[in-house]
Amino acid sequence: MRARQVAVAAVAVIALAGCGSSEKTPEAASTTPGALSSEAIAKAEEAAGIPPKPDQATADAYLAALRKIDPEIVGDKDPDRIIDRGRDQCSSIKEWPDDEAKLIKFANTRFTSPDHPEGFGATKAKKINEVVRKYICPTY
């Protein structure tokens, strides 16, 4: 019985291989995320309330201001990661500009460290939000 199943499977594979076309078909357009233009990405970020990346001087001032609140906020993390967290926080600031409790909650979720896995507390989160507003999304 097993030999019969193997034989049927082999015949099916050979038959399917013969069904292919020798004509060339046009390549489909790439649908991978890498195919998005930088303009499309910028428009999507803007629609989500995420501001563009700051220039180097602004980024340096932002990181210095966060270190002044607590050096562990920046720690030895990649600066781009901290900047992106600030940009993400801007989307929350834009959506809920008057809901301080919610913004503190999001700051404590986004800005963490090994010694502060639940964030840096309400007082420092409020200061983080002030720094984010000043340097990353001053128009929000």
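Observations on the model:
- Matching option when the condition is closer than 14 Å to Gly86 by Cα, modelled with pLDDT under 90 and aliphatic (A, V, I, L, M), among Ile50, Ile14: Ile50
- Filter result for Thr123 (more than 23 Å from Pro54 (Cβ to Cβ) and assigned to a helix (DSSP H, G or I)): yes
- Complete set of residues in the stretch 44-67 that are surrounded by 12 or more Cβ atoms within 10 Å (Cβ to Cβ) and either more than 15 Å from Cys137 (Cβ to Cβ) or among the aromatic types (Phe, Trp, Tyr) (or both): Asp60, Tyr62, Leu63, Ala64, Arg67
- Filtering the stretch 81-116 to residues that are basic (Lys, Arg) and either buried (at least 18 other Cβ atoms within 10 Å of the Cβ) or more than 14 Å from the chain's Cα centre (by Cα) (or both) leaves Arg85, Arg87, Lys94, Lys102, Lys105, Arg110.
- Filtered by the rule that a residue be under 17 Å from Trp96 (Cβ atoms), assigned to a loop (DSSP other than H, G, I, E, B) and either of a type in the set (Ser, Thr, Tyr) or more than 19 Å from the chain's Cα centre (by Cα) (or both), the stretch 126-140 gives Thr139, Tyr140.
- Of all residues making up the stretch 84-120, the number that are in contact (Cβ under 8 Å) with a residue 24 or more places away in the chain, among the small types (Gly, Ala, Ser) and not in a helix (DSSP H, G or I): 1
The values are calculated or read from the model by the stated rules, or taken from the named source; none is laboratory data. Computed from a predicted model, the values in this text were never measured in an experiment. Glycine gets a Cβ as well: all are built from the backbone with ideal geometry, and neighbour counts include every protein chain shown.
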